[in-house]
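Have a look at the structure below, then the notes.
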There are 2 protein chains.
Amino acid sequence: MSDRSQKRRDLTVAEIKAAARSLLVASGPAGISLRAVARDMGITAPALYRYYPALDSLILDLATDLHVELRLACEAVRDELPADDHVGRLIAMVREFRRWVLTHLSEAALMFGPPLPGVDEFHQQCEDLTHAGNQFGMIFIEPMLALHAQGRLPVRDALASQFDIPAEVYTYFLARWAQFYGLIMAEAFGHLSWAVDDATELFEAELKAVTESLLR
Amino acid sequence: MSDRSQKRRDLTVAEIKAAARSLLVASGPAGISLRAVARDMGITAPALYRYYPALDSLILDLATDLHVELRLACEAVRDELPADDHVGRLIAMVREFRRWVLTHLSEAALMFGPPLPGVDEFHQQCEDLTHAGNQFGMIFIEPMLALHAQGRLPVRDALASQFDIPAEVYTYFLARWAQFYGLIMAEAFGHLSWAVDDATELFEAELKAVTESLLR
DNA sequence: TCCTGACGTTAACGGTGTTCACTAATCTAA
DNA sequence: TTAGATTAGTGAACACCGTTAACGTCAGGA
């Protein structure tokens, strides 16, 4: 395959993903259909099989892109703060995480909702996505590592770490991750609306409590 | 309509929901289809419109039933403990919440995942479900009210309460709700598997930390 | 007894993912 | 330059899906 046709191919793939993205935004994860993508591109549906073996693959690819996009958004706000303000950078990234999710509800549903067809199938397919998810998680672990080095991380019982990360940091990260993942997704999926109109206060209170629990 | 035919009608509705439930378990939320339900019942799909105006209504009804089932499961383990052991009852219910979700992944995806078609549509439809969700939340609020009466609830800044509940209890409940909703759903949806093989340790550590933070 | 209403049917419309056979164009190599 | 191989795309078809409409059929109540 020549470079020229490879470029052209990459361009088509990008166009497919763009069309799928706009369908996702307009109609939610279930609104993504090969026929609609093809229609928007002025093409027939079977042609898309030259680029993706199935609809699932396209959705998976899209999810990977979205993870990268979210990570870049968080890194952007992080980099506006001094490199040694680890707490401030963490807070900014968590706030941006929430802001991005709340302004990209459809995308968040795809990324953080339950796996679509069968639970097992998704796990087998998403090794690439795991990598993108890994990178996203890592931007939160980094400041925690720095805080740990300064002895400022309040650690409880440490779990066995699966990565090349001190067990205390790993444990602390998992607890915070689950806490804010849950808070943000509950709000985004509407599972908090029965209890509270605007979850901002709750979110900020949690953030404040975590911040204050950091030793200085 | 006579009582006899009403009974017959209720029986058919129950059969429809049972078929839908088994499809949900077998193939996930997306596996629920009117045609498959009808096929399993030895009937044609349009006949189902005598009982539900659309597929969404059936799914909504199913979700309501599931909320009730989950609440009853939690209440069952709660009632095995002394009525004055509020902390113990809370722990037992949270553990049962997690156990039920992990053993009913498809049901949990339907109940706690992102709303299926459009976010707004779901909110308008789910007033009954809100009620069932309300009842579910209430079983956790009750022990907290009891603990609060004993002055054992560690309260921070209190949010404005939307219910006939002391603001401190309301605030504490929301924080714990989001924390464990998030932890359990992250695990159930596989969004923790990149970081940890078995989240039991993490879950129990969080539970222990919360328990120990309760004043006595 | 009639007849009304509930229950179920078949047929159809438009939508979906996916496969297959085929054409047209483009790129590669002798 | 020309012949062959690869690629992109098409159209028809299959098997699903939700939903609507028109049509039977049968039990219950006046």
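Are any residues in segment A:154-191 part of a loop (DSSP other than H, G, I, E, B) and facing chain B (nearest Cβ under 7 Å), and if so, which ones?
Initial filter on segment A:154-191 (part of a loop (DSSP other than H, G, I, E, B)): A:154-166, A:189-191.
Once the filter is applied, which keeps residues that are part of a loop (DSSP other than H, G, I, E, B) and facing chain B (nearest Cβ under 7 Å), segment A:154-191 yields A:156, A:157, A:159, A:162, A:189, A:190, A:191.
Residues being polar (S, T, N, Q) and either away from chain A (no Cβ under 14 Å) or more than 11 Å from DNA strand C (Cβ to nearest atom) (or both): count how many of those fall in segment B:29-55.
Narrowing segment B:29-55 to residues polar (S, T, N, Q): B:33, B:44.
Restricting the remaining residues to those that are either away from chain A (no Cβ under 14 Å) or more than 11 Å from DNA strand C (Cβ to nearest atom) (or both) gives B:44.
Final tally of qualifying residues: 1.
Given the options B:72, B:81, name the one that is over 19 Å from residue B:115 (Cα atoms), away from DNA strand C (no atom under 13 Å from the Cβ) and not in a helix (DSSP H, G or I).
On the way: B:72 fails: not in a helix (DSSP H, G or I).
After ruling out the rest, the residue left standing is B:81.
On the basis of being outside the structural domain of residue B:99 (by TED's automatic domain parsing) and exposed (fewer than 12 other Cβ atoms within 10 Å of the Cβ), does residue B:33 make the cut?
Numbers: outside the structural domain of residue B:99 (by TED's automatic domain parsing): yes; exposed (fewer than 12 other Cβ atoms within 10 Å of the Cβ): no.
Here the answer is no, as residue B:33 does not meet what is asked.
Which pairs turn up if I take residues in segment B:1-25 that are under 25 Å from residue B:101 (Cα atoms) and outside the structural domain of residue B:100 (by TED's automatic domain parsing) and look for partners that are among the polar types (S, T, N, Q) and away from DNA strand D (no atom under 14 Å from the Cβ) with beta carbon separation below 6 Å, at least 6 apart in sequence or on another chain?
B:24/B:106; B:25/B:106
Under 7 Å between Cβ atoms, at least 6 apart or on separate chains: pull out the pairs that start in segment A:34-59 with a residue that is in contact (Cβ under 8 Å) with a residue 12 or more places away in the chain and end on any residue that is assigned to a loop (DSSP other than H, G, I, E, B) and within 8 Å of DNA strand C (Cβ to nearest atom).
Close Cβ pairs (under 7 Å, with a partner that is assigned to a loop (DSSP other than H, G, I, E, B) and within 8 Å of DNA strand C (Cβ to nearest atom)) amount to A:58/A:52; A:59/A:32.
Scan segment A:137-155 and report the pairs whose first residue is of a type in the set (Gly, Ala, Ser) and whose second residue is assigned to a helix (DSSP H, G or I), with Cβ atoms within less than 8 Å and a gap of 6+ or a chain change.
These pairs meet every condition: A:137/A:173; A:137/A:177; A:146/A:86.
Check B:54, B:76, B:63 and return the single one that is more than 18 Å from the chain's Cα centre (by Cα) and within 26 Å of residue B:21 (Cα to Cα). Please lay out each step first, then the result.
Values: B:76 fails: more than 18 Å from the chain's Cα centre (by Cα); B:63 fails: more than 18 Å from the chain's Cα centre (by Cα).
Unique residue meeting the criteria: B:54.
Picking from B:173, B:163, which residue would you name as being in the same structural domain as residue B:109 (by TED's automatic domain parsing), at pLDDT 90 or above and of a type outside the set (Asp, Glu)?
Working: B:163 fails: at pLDDT 90 or above.
Selected residue: B:173, the only one of B:173, B:163 that is in the same structural domain as residue B:109 (by TED's automatic domain parsing), at pLDDT 90 or above and of a type outside the set (Asp, Glu).
Taking segment B:19-49 only, how many residues are near DNA strand D (Cβ under 9 Å from one of its atoms) and either of a type outside the set (Phe, Trp, Tyr) or in contact with an Asp or Glu (Cβ under 6 Å, 6 or more places away or on another chain) (or both)? Let's see the steps before the verdict.
Initially, segment B:19-49 is screened for residues near DNA strand D (Cβ under 9 Å from one of its atoms), giving B:23, B:31-39, B:44-49.
Narrowing further to those that are either of a type outside the set (Phe, Trp, Tyr) or in contact with an Asp or Glu (Cβ under 6 Å, 6 or more places away or on another chain) (or both): B:23, B:31-39, B:44-48.
Residues that pass the stated criteria total 15.
Just the residues that are part of a loop (DSSP other than H, G, I, E, B) and without any contact (Cβ under 8 Å) to a residue 24 or more places away in the chain, please, taken from segment B:192-216.
Going through segment B:192-216, the residues part of a loop (DSSP other than H, G, I, E, B) turn out to be B:192-199, B:214-216.
Answer for segment B:192-216, where residues must be part of a loop (DSSP other than H, G, I, E, B) and without any contact (Cβ under 8 Å) to a residue 24 or more places away in the chain: B:192, B:193, B:194, B:195, B:196, B:197, B:198, B:199.
Given the options B:44, B:103, name the one that is over 22 Å from the mean Cα position of the chain (by Cα) and hydroxyl-bearing (Ser, Thr, Tyr).
Numbers: B:103 fails: over 22 Å from the mean Cα position of the chain (by Cα).
Within the list B:44, B:103, the selection yields B:44.
Could you check, for segment A:8-24, whether at least one of its residues is over 30 Å from residue A:152 (Cα atoms), away from DNA strand C (no atom under 14 Å from the Cβ), more than 14 Å from every other protein chain (Cβ to nearest Cβ) and more than 24 Å from the chain's Cα centre (by Cα)?
no
Can you find a residue in segment A:63-81 that is surrounded by fewer than 19 Cβ atoms within 10 Å (Cβ to Cβ), within 16 Å of DNA strand D (Cβ to nearest atom), within 29 Å of residue A:187 (Cβ to Cβ) and free of Cβ contacts under 8 Å to residues at least 24 places away in the same chain?
Among the residues of segment A:63-81, not one is surrounded by fewer than 19 Cβ atoms within 10 Å (Cβ to Cβ), within 16 Å of DNA strand D (Cβ to nearest atom), within 29 Å of residue A:187 (Cβ to Cβ) and free of Cβ contacts under 8 Å to residues at least 24 places away in the same chain, which makes the answer no.
The values are calculated or read from the model by the stated rules, or taken from the named source; none is laboratory data. What you are looking at is a predicted structure, and each value in this text was computed from that prediction instead of being measured. Here the Cβ is made from the backbone with ideal geometry for all residues, glycine too, and neighbour counts use every protein chain on show.
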